[in-house]
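Single-structure report; data block below.
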Amino acid sequence: MFDKIDTIKTHLLRWSGVVVFLLLWEAAPRLGWLDAQFAPPFSTVLGAIHELAADGSLAKHLVISIWRGVTGLLVATLVAIPAGFLLGLRLPVWAAVLDPFLRVLSQVNPFSLMPVFILFFGIGETAKIVVIAWVSLWPILFYTITAVRNVDPLLLKTARSLGITTGELYLKVILPASLPVIFVGLRIGAGLVFFMIVAAEMLGANAGLGWLVHNSAMNYQTPRIYAGATFIVILGYLLNRFLLALERAFFSGEQEQVDLVPARRSSAPSWRPGWRSAAAAASVIFVFLLAGGREVYLSNLANASLGGHLGHQEEAGEANVEYTCPMHPFIVREKPDVCPLCGMRLVRKSDAAHGAGH
Amino acid sequence: MSNLAENIIPDQEPKIVIRNIGRTFHIKKSPAGPHDFVALQEISLEVQKGEFVALVGPSGCGKSTLLDILAGLAKPNSGAVFIDGKQVTGPALDRGIVLQGYALFPWRTVRQNVEFGLEIKKVAKGERREISTRFIDLVGLKGFEDRFPHELSGGMKQRVAIARALAYDPEVLLMDEPFAAVDAQTRETLQDELLRIWEETRKTIIFVTHSIEEAVFLADRVAVLTANPGTVREIVPIDLPRPRQNSDIRSSPEFGWTRHKIWELLQNQPPADHRAGEQRPVADAISPSAAL
């Protein structure tokens with residue numbers, strides 16, 4: 001009973017900072033402490049969020065940004081873990097020689113070297129994924145190298161005494177033994193994903209939260225900037241919590257031994273997600289990647305047709321007629337409407353393309 | 001076909017033959033400058049099938065290095081080890097090892113730890129389960145199959161390590177100070193358990209320890225090693241009756257005398273001369289302080 005009250009109290013305390021911040025956010029522009037032009041009150045931002053949610057574009061931006069984030073993180077993981085094994089175990093001399101170079105590379109910020117990234121990867125989807133993968137790659141790589149080198153030598157000795165093959169040693173001993181540490185790197189890398197989403201979606205995107213922020217900024221739509229930023233923060237937070245929960249579920253017992261996490265004593269045998277739940281999670285992610293990928297593809301296609309590729313227009317057919325403002329082509333609605341920026345009547349997208357003379 | 005052939009009965013052929021093992025480490029960084037450190041010199045030992053041999057010696061006498069060589073994890077600079085007449089060239093499933101630090105896989109349950117060697121041996125899943133159940137029972141951990149190592153006490157962890165080493169049915173069990181990390185009471189229980197398991201399974205056991213008492217209590221013979229360089233000083237047969245577990249054998253005069261003899265050997269005193277020089281009363285020899 002007391003435990004419950006304590007838990008509630010703890011949660012209230014933990015979230016009180018956020019609540020106070022939101023109250024200040026609401027109050028400051030209203031009381032004239034801040035210019036509402038630059039910092040609209042929280043309720044106005046909520047209004048913008050509501051508007052975005054109502055016409056379905058918020059869901060689309062969310063899905064597209066999450067897809068880019070997850071894909072980038074996945075690419076980084078798939079490159080960094082094998083590379084970490086290779087450098088940490090097979091090529092220790094290379095790792096030592098390359099270390100300063102890798103450290104320098106890891107400091108390369110794709111945001112400041114955008115032109116170079118565009119030069120190498122264009123402005124398509126690849127560039128966005130590369131920018132995200134680039135930043136999250138390094139912590140995963142460095143943590144993997146450290147982890148595989150610091151596997152308990154007694155475990156290795158025990159396994160070797162069985163005449164284990166190198167492949168089995170890697171898969172059955174070194175990988176599971178170093179996963180808790182690799183996972184910390186993964187969590188740090190994941191934290192950077194949504195940091196970079198704005199930078200990634202500045203590269204010729206037409207949807208996504210980063211694009212929303214960037215585009216709203218270009219059009220002085222201040223509430224929308226905050227709306228997009230709010231969701232980026234929330235996504236980053238949720239991803240971090242999710243990975244932390246996974247980490248606890250899988251590795252709490254192992255980490256107790258190295259005192260990374262305070263001991264959680266229980267008399268009952270602990271449950272751990274097995275292969276079945278891992279496979280289920282993997283298939284959920286896979287399905288999401290497919291669905292999100294389709295969304296990204298369609299969005300890029302729509303953008304291309306907006307750019308005047310007639311072929312795509314005809315393919316799109318009558319079913320997907322969209323309406324856009326002749327002055328503000330980024331305003332896209334599925335029904336005839338007026339432009340929220342200038343009040344002009346929206347026209348059919350293909351007409352707009354013709355009209356603009358592209 | 002003379003006397004020689006008659007004398008050799010297959011059963012009495014030694015299970016393990018250690019012949020003139022030498023191992024030298026080249027030390028590059030030391031205050032004394034680069035030099036060679038002789039860890040093992042001219043080690044020879046024969047172990048019969050089903051025998052329990054303990055190796056005692058001061059730290060630095062190369063006991064663990066010798067065990068690594070037996071396990072096939074390290075190569076000697078000279079000499080060779082033969083098991084059933086075949087030279088040891090690397091690790092294999094005919095030898096199981098149990099180490100001081102338990103070395104359990106923390107991401108595996110008790111059962112999965114015990115089944116590790118069987119997985120490497122490519123034993124089918126059903127059979128694996130059957131075997132692991134048997135050995136978990138044998139070490140007295142029934143009901144703990146699904147626990148993770150961090151949920152077990154030190155003594156229980158060591159039982160899991162023993163079950164894991166026995167599960168893939170090696171003929172030789174190599175144990176490197178397995179009970180050094182547990183408290184005194186648990187240690188005595190584990191020693192009793194080990195003797196029971198040894199009698200049930202009839203494995204050949206080589207047991208490294210720094211405790212003279214443990215060596216005397218467990219072994220058929222105790223090989224006393226000395227350091228700098230590591231050599232076998234003497235092999236002391238232990239003629240204490242078996243079964244020794246759950247008995248008062250530790251307080252018998254024979255036990256005390258044997259323990260003291262090994263202690264003297266470890267002090268690097270020439271025991272024969274020493275004993276000839278003065279007649280030591282038995283009571284003196286078995287006093288607890290003498291064991292230190």
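The values are calculated or read from the model by the stated rules, or taken from the named source; none is laboratory data. This is a predicted model, so every value here is computed, not measured. All Cβ positions, even for glycine, are placed from backbone atoms using ideal geometry, and neighbour counts span all protein chains on display.
Set side by side, the residues A:LEU162, A:LEU154, A:LEU203 differ, and just one is outside any helix (DSSP H, G or I) and in contact with a strand residue (DSSP E or B) (Cβ under 9 Å, 6 or more places away or on another chain), which is A:LEU162. Quick check on the stretch A:164-189: of everything there that is without any contact (Cβ under 8 Å) to a residue 24 or more places away in the chain and of a type in the set (Val, Ile, Thr), which residue is nearest to the other protein chains (Cβ to nearest Cβ)? Taking the candidates together, the pick is A:ILE164. Only one of the numbered conditions (1) within 13 Å of chain A (Cβ to nearest Cβ); (2) surrounded by fewer than 21 Cβ atoms within 10 Å (Cβ to Cβ); (3) farther than 22 Å from B:GLY230 by Cβ; (4) among the hydrophobic types (A, V, I, L, M, F, W, C) is not met by B:ALA124, and that is (1).
Residues in the stretch A:198-224 that are over 17 Å from A:GLY56 (Cα atoms), small (Gly, Ala, Ser) and touching a residue at least 40 places away in the same chain (Cβ under 8 Å): A:ALA199, A:ALA200, A:GLY204, A:ALA205. Annotation: of all residues in the stretch A:1-37 being among the aromatic types (Phe, Trp, Tyr) and surrounded by 10 or more Cβ atoms within 10 Å (Cβ to Cβ), the one that is farthest from the chain's Cα centre (by Cα) is A:TRP33.
For the stretch B:48-62, indicate whether the set of residues that are farther than 20 Å from B:GLU171 by Cβ, among the aliphatic types (A, V, I, L, M) and at pLDDT 90 or above is non-empty. Yes, the conditions are met somewhere in the stretch B:48-62.
Take B:ILE197 and tell me if it is buried (at least 18 other Cβ atoms within 10 Å of the Cβ) and away from chain A (no Cβ under 13 Å). When the stated conditions are applied, B:ILE197 passes them. Of the residues screened, B:ILE69 is not one that is within 13 Å of chain A (Cβ to nearest Cβ), farther than 14 Å from B:VAL17 by Cα and buried (at least 17 other Cβ atoms within 10 Å of the Cβ).
Within the stretch A:140-163, if we keep just the residues that are over 23 Å from A:ARG248 (Cβ atoms) and crowded, with 21+ Cβ neighbours inside 10 Å, the residue that is farthest from the other protein chains (Cβ to nearest Cβ) turns out to be A:LEU141.
The helices (runs of 4 or more DSSP H) located wholly in the stretch B:236-292 that include 1 or more residues which are at pLDDT 85 or above occupy B:253-266. Considering every residue within the stretch B:180-187, establish whether at least one is touching a residue at least 40 places away in the same chain (Cβ under 8 Å), within 19 Å of B:THR65 (Cβ to Cβ) and within 14 Å of another protein chain (Cβ to nearest Cβ). Yes, there is a match, as at least one residue in the stretch B:180-187 is touching a residue at least 40 places away in the same chain (Cβ under 8 Å), within 19 Å of B:THR65 (Cβ to Cβ) and within 14 Å of another protein chain (Cβ to nearest Cβ).
Annotation: B:GLU234 fulfils all but one of (1) in contact (Cβ under 8 Å) with a residue 60 or more places away in the chain; (2) touching a strand residue (DSSP E or B) at 6+ places or on another chain (Cβ under 7 Å); the unmet one is (1). Taking the numbered list (1) without any contact (Cβ under 8 Å) to a residue 60 or more places away in the chain; (2) in a helix (DSSP H, G or I) in turn, A:ASN109 passes all entries but (2). Taking each residue of the stretch B:50-63 that is under 14 Å from B:SER211 (Cβ atoms) and looking for partners that are in a loop (DSSP other than H, G, I, E, B) and modelled with pLDDT of 90 or more with beta-carbon atoms closer than 6 Å, six or more apart or interchain, yields B:ALA54/B:ALA219.
Check whether at least one residue in the stretch B:146-158 is among the hydrophobic types (A, V, I, L, M, F, W, C), without any contact (Cβ under 8 Å) to a residue 24 or more places away in the chain and surrounded by 15 or more Cβ atoms within 10 Å (Cβ to Cβ), and report yes or no. Yes: one or more hits. Within the set A:ILE49, A:ILE66, the sole residue that is outside the structural domain of A:PRO223 (by TED's automatic domain parsing) and not aromatic (Phe, Trp, Tyr) turns out to be A:ILE49. Based on what the data block shows, is B:GLU115 out of contact with any Asp or Glu (no Cβ under 8 Å at 6 or more places or on another chain), farther than 13 Å from B:ILE206 by Cβ, charged (D, E, K, R) and touching a residue at least 60 places away in the same chain (Cβ under 8 Å)? No.
Listed by first and then second residue, the pairs with beta-carbon distance under 8 Å, at least 6 apart or on different chains, first residue in the stretch A:1-22 and modelled with pLDDT of 85 or more, second surrounded by 10 or more Cβ atoms within 10 Å (Cβ to Cβ), are A:LEU22/A:PHE42.
Looking across the stretch B:76-112, the residues that are touching a residue at least 12 places away in the same chain (Cβ under 8 Å), surrounded by fewer than 18 Cβ atoms within 10 Å (Cβ to Cβ) and more than 10 Å from chain A (Cβ to nearest Cβ) come down to B:ASN77, B:SER78, B:GLY79, B:ALA80, B:PHE82, B:ASP84, B:GLY85, B:THR89. Exactly one residue out of B:GLY60, B:GLY90 is over 27 Å from B:GLU200 (Cα atoms) and in contact with a Leu (Cβ under 9 Å, 6 or more places away or on another chain), and it is B:GLY90. Entry remark, the stretch B:23-40: residues being surrounded by fewer than 19 Cβ atoms within 10 Å (Cβ to Cβ) and within 30 Å of B:GLU264 (Cα to Cα) number 5 in total.
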